[in-house]
Amino acid sequence: MDRQARVCVAGYKGLVGAAILRRLTSAGFTDIVKADRGEVDLTDQAATRRYFEHEKPAYVFLAAARVGGILANSTYPADFIRDNLLIQTNVIDAAHKTGVTKLLFLGSSCIYPKLAPQPLKEESLLTGALEETNEWYAIAKIAGIKMVQAYRRQYGFKGISLMPTNLFGPGDNFDLKTAHVLPALIRKFHEAKRDKSREVVVWGTGKPRREFMYVDDLADAALFLMERYDDEQFVNVGVGRDLTIAELAELVREVVGFDGAIQLDPSKPDGTPQKLLDLTRISALGFTPKTALREGIERTYRWYVERSG
Ligand code: GFB
């Protein structure tokens with residue numbers, strides 16, 4: 001990619017979009033156009049088309065999406081399916097119609113069937129029923145993958161899709177009602193330490209297994225794939241290791257330095273029993289993530305403390 005080419009980051013204020021922006025800047029890109037709610041409403045088809053006609057980006061990182069943790073997904077199913085379908089349909093179509101050279105779409109590991117064999121291979125897509133708490137979001141993301149593939153087949157549009165595992169890092173959402181587990185635990189342990197509480201409540205049985213990737217590593221993978229990969233098959237991106245939620249809670253407790261107890265609340269949903277991605281495909285392309293889980297949590301915690309005081 002020419003470092004002078006115009007690159008659009010859709011959703012640049014979100015966890016992923018902000019990391020992609022940092023990565024592009026450090027890689028020397030000088031003409032970056034940023035699209036978020038302040039610039040254009042990507043759920044509005046006409047506005048999205050006008051934005052693309054006006055800005056004419058050559059490359060698009062489509063990181064704009066409505067995202068959230070297990071509770072947000074099950075509380076707002078309509079918002080999750082509608083907003084994601086609208087945003088991705090409008091952006092992919094506008095990109096094609098305005099001559100974008102290449103687009104990268106971001107999916108999620110929740111697209112795989114709830115009980116698919118682990119680690120999750122790309123070939124497991126659409127082989128079984130989805131996890132109930134987030135099937136609305138997953139259906140939208142699957143539609144996005146298929147749309148990118150269809151536009152390649154019918155129009156020769158150069159779209160690629162990346163399926164990230166659970167992500168975390170600076171810029172994450174720490175609102176306990178909508179957050180994913182990692183930022184939620186950072187906040188809970190931090191506040192428990194500050195308030196000298198005796199315990200922290202962790203949702204579910206603690207048994208589900210999740211894989212976590214530091215968001216700057218995902219941004220590295222996004223640029224890596226944009227520059228070196230051009231195929232219909234989407235690509236998993238993760239770290240290749242998972243741990244239980246109980247183990248994660250223990251790790252966050254140590255990083256934050258809270259010395260009270262961990263109380264599990266099994267009345268809250270567990271979600272998918274395990275989500276560990278198979279990385280054969282991206283490893284063969286030559287990509288390896290850099291950041292160890294503890295180091296990523298330490299960096300995120302430092303960011304959170306600086307921000308929240
Ligand atoms: O990160 P999370 O909300 O989403 O939850 P998923 C992961 C696990 O952590 C679940 C448990 O078993 C939760 O019950 N957990 C424990 C907590 N304590 C907490 C807490 O305080 N907050 C939260 N949020 N969870 C999401 C999907 O699934 O993953 C999305 O809903 C998306 O669609 C995302 O795919 C990556 O990993 O279960």
By residue number, the members of segment 247-263 that are hydrophobic (A, V, I, L, M, F, W, C) and either in a loop (DSSP other than H, G, I, E, B) or surrounded by fewer than 14 Cβ atoms within 10 Å (Cβ to Cβ) (or both) are 258, 261
Select from segment 47-94 the residues that are hydroxyl-bearing (Ser, Thr, Tyr) and either under 25 Å from residue 174 (Cα atoms) or open to solvent by 30 Å² or more (accessible area, probe 1.4 Å) (or both) and list them in ascending order. 59, 74, 75, 76, 89
Here, helices (runs of 4 or more DSSP H) confined to segment 14-102 with at least 1 residues that are within 16 Å of the ligand (Cβ to nearest atom) and farther than 29 Å from residue 202 by Cα are 77-97
Would you call residue 210 open to solvent by 30 Å² or more (accessible area, probe 1.4 Å) and not hydrophobic (A, V, I, L, M, F, W, C)? no
Which of the residues spanning segment 1-14 are open to solvent by less than 30 Å² (accessible area, probe 1.4 Å) and of a type in the set (A, V, I, L, M, F, W, C)? 5, 7, 8, 9, 10
Is at least one residue of segment 281-290 more than 17 Å from residue 69 (Cβ to Cβ), within 15 Å of the ligand (Cβ to nearest atom) and either of a type outside the set (Ser, Thr, Tyr) or touching a Ser or Thr at 6+ places or on another chain (Cβ under 9 Å) (or both)? no
Test: residue 229 is within 22 Å of residue 71 (Cβ to Cβ) and either away from the ligand (no atom under 12 Å from the Cβ) or at pLDDT 95 or above (or both): no
Just for segment 179-200: of the residues that are within 8 Å of the ligand (Cβ to nearest atom) and not charged (D, E, K, R), which one is farthest from the chain's Cα centre (by Cα)? 185
Taking segment 278-288, which residues are in a loop (DSSP other than H, G, I, E, B) and either β-branched (Val, Ile, Thr) or open to solvent by 40 Å² or more (accessible area, probe 1.4 Å) (or both)? 286, 288
On the basis of being over 21 Å from residue 159 (Cβ atoms), open to solvent by less than 60 Å² (accessible area, probe 1.4 Å) and modelled with pLDDT under 95, does residue 108 make the cut? no
Restricting attention to segment 15-45, and to residues there that are β-branched (Val, Ile, Thr) and open to solvent by 50 Å² or more (accessible area, probe 1.4 Å), which single residue is nearest to residue 226 (Cα to Cα)? 25
Identify the single condition in (1) away from the ligand (no atom under 16 Å from the Cβ); (2) closer than 20 Å to residue 116 by Cβ; (3) buried (at least 20 other Cβ atoms within 10 Å of the Cβ); (4) not β-branched (Val, Ile, Thr) that residue 220 does not satisfy, given that it satisfies every other one. (2)
Count, please, the residues in segment 134-162 that happen to be within 11 Å of the ligand (Cβ to nearest atom) and over 21 Å from the mean Cα position of the chain (by Cα). 0
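Does segment 238-245 include one or more residues that are among the basic types (Lys, Arg) and open to solvent by 60 Å² or more (accessible area, probe 1.4 Å)?
yes
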Would you say residue 224 is in contact with a helix residue (DSSP H, G or I) (Cβ under 7 Å, 6 or more places away or on another chain) and closer than 26 Å to residue 104 by Cα? no
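The values are calculated or read from the model by the stated rules, or taken from the named source; none is laboratory data. Only a predicted model underlies this, so the values are computations on that prediction, with no experimental measurement involved. Positions of Cβ are generated from backbone atoms using ideal geometry, with glycine treated the same way; all protein chains shown enter the neighbour counts. Note: accessible area is taken over every heavy atom of the protein model, side chains too, but ligands, DNA and RNA are not part of it. Shrake-Rupley method; radii C 1.70, N 1.55, O 1.52, S 1.80 Å.
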